[in-house]
Structure formats: structure tokens, C-alpha cells
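Let me begin by presenting the structure, written as C-alpha cells, before commenting on it.
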Amino acid sequence: MVEKASVKDVRRRNRALILRHVWLNSPTSRGEVGLATGLSAATVTNVMNELIAEGAVRAGGFHESDGGRRRAIVGVADDAGLVIGADVGETKIGVKVFDLALRPLAEREYPFKGRRIEVAEARAAITAQVVAMLAELNTSSSRVLGLGLGVPGIVQDQIVHAEVVGWHAADFSGFGEQVGVPVYIDNGAKSTTQAEAWFGAARGVSHGVMVLIGEGAGAGVITDGRLYRGHSSSAGEWGHTKISLDGPHCRCGRTGCVEAFVRASTVLDQWCGPDQTWLGRETEGVDAVLRAWRDGDPAAKRAIDNLVNHLGVALSNLVNLYNPQKIIVGGWFGERIAAELLPDIQAAVRSYALDQPGDEVVLVRSQLVPVAAVLGAATLPISQLIEYGEGAERLNA
Ligand SMILES: [Zn+2]
């Protein structure tokens with residue numbers, strides 16, 4: 001019994017290794033797959049034949065390699081099915097339909113700026129967008145491998161705990177039946193990190209951290225090339241780690257959280273005082289404070305210095321804990337501040353972190369803003385196909 005299970009495990013692992021390489025490097029060749037995975041030519045051939053029969057991989061064409069050898073190309077069967085990504089952000093839900101190579105085919109947004117959204121409304125909105133887009137593409141839900149859903153907070157199976165947006169054990173069970181396709185849910189920072197790891201600034205990074213900063217702050221941790229989840233998938237809740245015993249009030253109801261120091265509205269409050277509200281106009285406000293900072297406005301300088309310092313402390317804790325090669329800074333506010341302040345933030349991180357990991361780490365900007373979140377959500381069903389063969393029966397349906 002034990003031996004049987006282990007043979008099965010090895011087969012699944014080999015299949016996943018090969019399929020992941022094809023997905024992230026398509027088009028490629030059997031030889032390249034063998035080199036990259038370290039598997040024997042015979043194993044690569046056997047598994048590749050299975051994947052071609054299953055419909056996930058397509059063989060076809062040749063390209064010339066060095067020395068004029070012709071190598072048969074294998075690649076993702078991009079039109080063998082569809083995947084959908086949906087992300088519940090701070091002000092809108094984005095939904096996109098992709099082919100299997102993750103090229104977008106249709107997209108919709110559902111805005112809810114300046115208010116909270118209830119779970120039932122989010123479920124209904126996503127369902128309506130999916131139905132409309134599939135009709136627009138003149139295709140059926142049977143062709144969809146799955147819908148990946150990125151949400152704020154901690155995801156345990158179909159239950160989402162996101163106190164900062166008022167979701168206390170929000171229930172997504174039955175959502176697959178409601179929307180008519182298999183649904184896979186993950187924390188939005190984690191799925192965004194996966195997008196950056198597959199296609200963006202974290203590609204090829206074995207040990208990295210992605211931080212997303214907006215009105216909230218989240219992180220995804222990559223260790224040994226994989227997302228780190230912890231015991232019940234809450235790892236990476238960096239935004240609510242404490243860097244002070246006091247400080248601004250956080251949306252989680254506590255004080256001293258990273259998020260409360262580094263979010264956009266804190267910087268705007270410190271610049272303008274609490275009397276001027278930027279509610280609903282945060283991006284405009286951030287552009288204004290950065291402009292004022294460039295012009296030498298003392299209040300803007302204080303607010304930005306404060307941000308850089310607290311971000312330096314908060315990121316240096318990640319550096320000491322995880323020893324990342326790279327920290328990728330993203331999110332709508334993170335992207336804006338990184339465009340101007342990345343060298344200052346990096347200097348602050350170095351000054352607060354231990355010397356050795358601090359000197360090694362490099363801060364970079366996200367390469368996928370603003371598409372990372374929805375793209376990341378769409379990687380969820382593809383990950384399931386790669387790791388477990390889930391959804392394979394829907395290929396070429
Ligand atoms: Zn908090």
C-alpha cells in the first residue's frame with residue numbers, strides 16, 4: 001500500500017514539475033524541460049505524451065537551436081479552455097476571462113468606491129459579470145477550468161475572515177454552483193504574489209516577499225519558489241503585525257499595526273491634518289502630496305519621511321524573518337511611492353535590518369500593476385491543474 005502511494009506521488013510530482021515548466025516557459029522543448037526539471041528523457045517523454053493526450057499541452061512545429069539542431073516545440077494548449085480571475089479590491093471588483101496562456105479575452109469591473117461591499121453583493125456581482133462575459137465571448141461555462149477569486153483577509157476553505165472590510169467568517173460555500181464554474185479562493189496578496197512570481201518582478205526568485213500597499217497592507221512570502229502559507233494559510237498578514245504600542249488606529253480595531261502607519265490615508269492625514277478629507281479621492285491626494293514633497297513643502301516632507309521610516313522598519317522585520325533576495329513593492333499606493341522613493345525606502349530598510357540580510361536584499365517595483373491582482377486570481381485554477389490535474393476533464397470540452 002505504502003509503495004503504491006509513493007509511486008503515485010512521484011508520478012504526480014513529475015507531472016507537476018513538467019507541466020509547471022511548460023506553463024511558465026511556453027513555447028519550450030522536451031530537451032529544455034528535461035534540463036530544467038532534472039528528469040530523464042524517458043520520463044519527460046512519457047509524461048509529455050500523457051499531457052498532450054489530456055489536452056493541456058500541445059506539440060507542434062520546430063525551432064532551430066544552437067548548432068542547427070531542430071527541436072520539437074511543446075507549449076500550453078492556449079485555446080483548450082478558459083480561466084477566470086476575479087479580485088475583490090479596496091474600491092472595485094475586477095473580473096477577467098483569459099485563455100490558458102493567460103491572455104485576457106474580456107474584462108469587467110464592478111465599482112463600490114467609498115463604501116463596504118457585503119459578501120452576497122460580491123457573489124452576485126461576480127456571477128453577473130461572468131455570465132455577461134461568457135455571452136459576449138459566445139462561449140459556455142463548460143469551457144471554463146475554474147474561477148480564481150482573490151479576497152482580502154484570511155481564507156480557510158470557503159470561509160473568509162477579513163475583519164478590516166467587515167467580513168467576519170464570510171461564507172463562499174456554494175459559490176461554484178452559483179457562478180456555474182469551479183471556484184478557487186485565496187488571499188488577494190498571495191494570488192497577486194503568484195502573478196508576480198510567474199510573470200513579473202519575482203520570476204525566478206526562490207526567496208522573496210511581495211508587499212501590497214494601498215488603504216491596507218498585505219504581503220506574500222515566497223520560500224523555495226513557493227508561496228508560504230503557514231498552518232492555516234494566514235501567513236503573510238504583515239499589515240497587522242505591530243511596530244508600535246500606540247500610533248494610529250487600525251481598521252482591525254487595534255493600534256500599532258504596520259497598515260495603520262503606511263497606508264495612503266495616514267500619509268494624507270499627516271500632510272493635511274484630519275480636517276481635509278481625501279475620501280474617495282485618495283489617488284489624487286497621493287499625487288498631490290508627492291508633488292508637494294518634490295516642491296519642498298515641509299508638511300509633505302514630514303509625512304513622507306515618516307512613511308519611509310515606518311516602511312523601513314516594517315520591511316526590515318520581513319528581511320530579518322525571511323531573508324529575501326528581493327522585495328517587490330506593489331499595490332496602487334505602493335506603486336506610486338516606489339516610483340519616487342524606492343532608493344530612500346531601501347536605505348531605510350538597510351539601516352533597520354541586520355547587516356547581512358539587509359545588504360543582500362534588493363527592493364524593486366511590481367511589473368504587473370495594475371493587472372496583477374486579477375491575473376493572480378486567474379493563476380489559481382491553473383495551479384490546481386498543474387499540481388493535482390484538477391479540471392483536466394474540462395479541457396477541450
Ligand atoms: Zn491592524
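Looking at this structure, is residue 342 out of contact with any helix residue (DSSP H, G or I) (no Cβ under 7 Å at 6 or more places or on another chain), open to solvent by 10 Å² or more (accessible area, probe 1.4 Å), more than 16 Å from the ligand (Cβ to nearest atom) and of a type in the set (A, V, I, L, M, F, W, C)?
Working: out of contact with any helix residue (DSSP H, G or I) (no Cβ under 7 Å at 6 or more places or on another chain): yes; open to solvent by 10 Å² or more (accessible area, probe 1.4 Å): yes; more than 16 Å from the ligand (Cβ to nearest atom): yes; of a type in the set (A, V, I, L, M, F, W, C): yes.
Yes: the conditions hold for residue 342.
I need a count of the residues in the stretch 347-369 that are of a type in the set (A, V, I, L, M, F, W, C), in contact with a Gly (Cβ under 8 Å, 6 or more places away or on another chain) and part of a loop (DSSP other than H, G, I, E, B).
Within the stretch 347-369, the first condition is being of a type in the set (A, V, I, L, M, F, W, C), and the residues that meet it are 347-349, 353-354, 361-364, 368-369.
Right, trim to in contact with a Gly (Cβ under 8 Å, 6 or more places away or on another chain) and you get 347-349, 368-369.
Next cut, part of a loop (DSSP other than H, G, I, E, B) only: 368-369.
The number of residues fulfilling the criteria is 2.
Report yes if residue 344 is in a helix (DSSP H, G or I) and either farther than 24 Å from residue 200 by Cα or of a type in the set (Lys, Arg) (or both), otherwise no. Before the answer, list the steps.
On the way: in a helix (DSSP H, G or I): yes; either farther than 24 Å from residue 200 by Cα or of a type in the set (Lys, Arg) (or both): no.
Taking the combined requirement at face value, the residue does not satisfy it.
Answer yes or no: is there a residue in the stretch 295-305 that is assigned to a helix (DSSP H, G or I) and under 21 Å from residue 369 (Cα atoms).
In the first step, residues of the stretch 295-305 are kept if they are assigned to a helix (DSSP H, G or I); the result is 298-305.
Checking which are under 21 Å from residue 369 (Cα atoms) leaves us with none.
No - not one qualifying residue is present in the stretch 295-305.
Suppose we filter the stretch 76-96 for residues that are touching a strand residue (DSSP E or B) at 6+ places or on another chain (Cβ under 6 Å) and in a strand (DSSP E or B); how many remain?
12
Got at least one residue in the stretch 261-276 being within 24 Å of residue 353 (Cα to Cα), under 22 Å from the mean Cα position of the chain (by Cα) and either within 15 Å of the ligand (Cβ to nearest atom) or surrounded by fewer than 19 Cβ atoms within 10 Å (Cβ to Cβ) (or both)?
Yes, the stretch 261-276 contains a residue that is within 24 Å of residue 353 (Cα to Cα), under 22 Å from the mean Cα position of the chain (by Cα) and either within 15 Å of the ligand (Cβ to nearest atom) or surrounded by fewer than 19 Cβ atoms within 10 Å (Cβ to Cβ) (or both).
Could you give every pair whose Cβ atoms fall below 8 Å, whose first residue belongs to the stretch 304-324 and is over 14 Å from residue 241 (Cβ atoms) and not assigned by TED's automatic domain parsing to the domain that holds residue 341, and whose second residue is open to solvent by less than 10 Å² (accessible area, probe 1.4 Å) and among the β-branched types (Val, Ile, Thr), counting only separations of at least 6 or pairs across chains?
From the stretch 304-324, no pairs qualify.
Would you please name the residue that is nearest to residue 90 (Cα to Cα), looking only at residues in the stretch 277-293 that are open to solvent by 40 Å² or more (accessible area, probe 1.4 Å) and of a type in the set (Val, Ile, Thr)? Talk me through it step by step, then tell me what you get.
Restricting attention to the stretch 277-293, the residues satisfying the condition of being open to solvent by 40 Å² or more (accessible area, probe 1.4 Å) are 277, 279, 281, 283-284, 287, 291, 293.
Those still in the list that are of a type in the set (Val, Ile, Thr) too: 277, 283.
Values: 277: 17, 283: 12 Å.
Only one residue tops the list, namely 283.
Report every pair of residues separated by at least 6 positions or lying on different chains whose Cβ atoms are under 8 Å apart, first residue within the stretch 380-393 and open to solvent by 40 Å² or more (accessible area, probe 1.4 Å), second assigned to a loop (DSSP other than H, G, I, E, B).
384/390; 384/391; 390/182
Residue-wise test of (1) open to solvent by 30 Å² or more (accessible area, probe 1.4 Å); (2) among the acidic types (Asp, Glu); (3) in contact (Cβ under 8 Å) with a residue 60 or more places away in the chain.
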position	(1), (2), (3)
40	yes, no, no
47	no, no, no
50	yes, yes, no
80	no, no, yes
91	yes, no, no
102	no, no, yes
130	no, no, no
134	no, no, no
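Applying the selection to the stretch 364-379, what residues are of a type outside the set (Ser, Thr, Tyr) and surrounded by 24 or more Cβ atoms within 10 Å (Cβ to Cβ)? Lay out the reasoning, then the answer.
First, the residues of the stretch 364-379 that are of a type outside the set (Ser, Thr, Tyr): 364-365, 367-378.
Result: 372, 373, 374, 375, 376, 377, 378.
The values are calculated or read from the model by the stated rules, or taken from the named source; none is laboratory data. Bear in mind the structure is a predicted one, so any value in this text is a computation, not a measurement. Don't worry about glycine lacking a Cβ; one is built from the backbone with ideal geometry, like all the others, and counts go over all protein chains shown. SASA here: full protein model, heavy atoms, side chains in, ligands and nucleic acids out. Shrake-Rupley method; radii C 1.70, N 1.55, O 1.52, S 1.80 Å.
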